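Chemist: The structure is given below, and queries will be raised subsequently.
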């Protein structure tokens, strides 16, 4: 398994329960594909440098994972179609 860092921004309009449910479902994608969540760092609500889809704020989450290629591809696919994910980035670590 390879090590990745995944940063994603959750829509600020979600309440706490819905946000935690979304974060858990995103992490479940990795664990369902034989991956491990190594570290989760929730940065919290931050303002954007510029407006994104008429939004000024977002909830930032940075996650370090050990995952297979299939798990990362599935995370990428589902994060692209989820309307509550404003932006995301997956970086492979050495």
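Only the coordinates and a few stated rules stand behind these numbers; no lab work does. This is a predicted model, so every value here is computed, not measured. Cβ: placed from backbone, ideal geometry, glycine included. Neighbour counts: every protein chain shown.
Chemist: What is the angle, in °, between the Cα long axis of helix 69-81 and the longest principal axis of the Cα atoms in the chain? Nearest 10 is fine, range 0 to 90.
Modeler: 20 degrees
Chemist: How high is the relative contact order of the chain, in percent, with contacts defined as C-alpha pairs under 8 Å that are six or more residues apart? Don't skip to the end; give the middle numbers.
Modeler: Values: 160 pairs, mean separation 45.8, N = 94.
So the answer I get is 49 percent.
Chemist: Using only the Cα atoms of the chain, what are the Rg and Dmax in Å?
Modeler: Both quantities, over Cα of the chain: 12.9, 38 Å.
Chemist: OK, next. Students often check this: by mean Cβ neighbours within 10 Å, which of 23-35, 43-55 ranks highest, and how do the rest follow? Please list the in-between numbers first.
Modeler: On the way: 23-35: 15.7, 43-55: 9.7.
Ranked from most to least packed, the peptides come out as 23-35, 43-55.
Chemist: Right, next: For every helix of n ≥ 4 consecutive DSSP H residues, a contribution of -39,500 (n - 2.57) applies; sum these over the chain, divide by its total residues, and give [θ] at 222 nm rounded to the nearest 500 deg cm²/dmol. Mind dumping the intermediate values first?
Modeler: Details: 2 runs with 30 residues, N = 94.
Estimated from H runs of four or more residues: -10500 deg cm²/dmol.
Chemist: So if each residue of separation counts as 0.36 nm, and I subtract the Cα-Cα distance between residue 83 and residue 40, what length gain in nm does that give? Before the final figure, lay out each step's value.
Modeler: Values: separation 43, 0.36 × 43 = 15.48 nm, distance 2.15 nm.
Contour length minus Cα-Cα distance gives 13.3 nm.
Chemist: At 7 Å along Cα-to-Cβ for each site, give me the label-to-label distance between residue 48 and residue 21 in nm.
Modeler: Result: 2.4 nm between the two label points.
Chemist: If you count the DSSP beta bridges with both ends in the chain, what percent of them are antiparallel, to the nearest 5?
Modeler: Working: 28 of 28 bridges.
Among the beta bridges of the chain, antiparallel pairing accounts for roughly 100 percent.
Chemist: Evaluate the Kirkwood expression for the hydrodynamic radius of region 1-55, namely the inverse of the mean inverse distance over all pairs of different C-alpha atoms, and round to one decimal in Å.
Modeler: Details: mean 1/r = 0.0761 Å⁻¹.
For region 1-55, the Kirkwood estimate is 13.1 Å.
Chemist: Rounded to the nearest 10 degrees, what's the angle between the helix 16-32 long axis and the longest principal axis of the chain, both from Cα atoms, 0 to 90?
Modeler: 20 degrees
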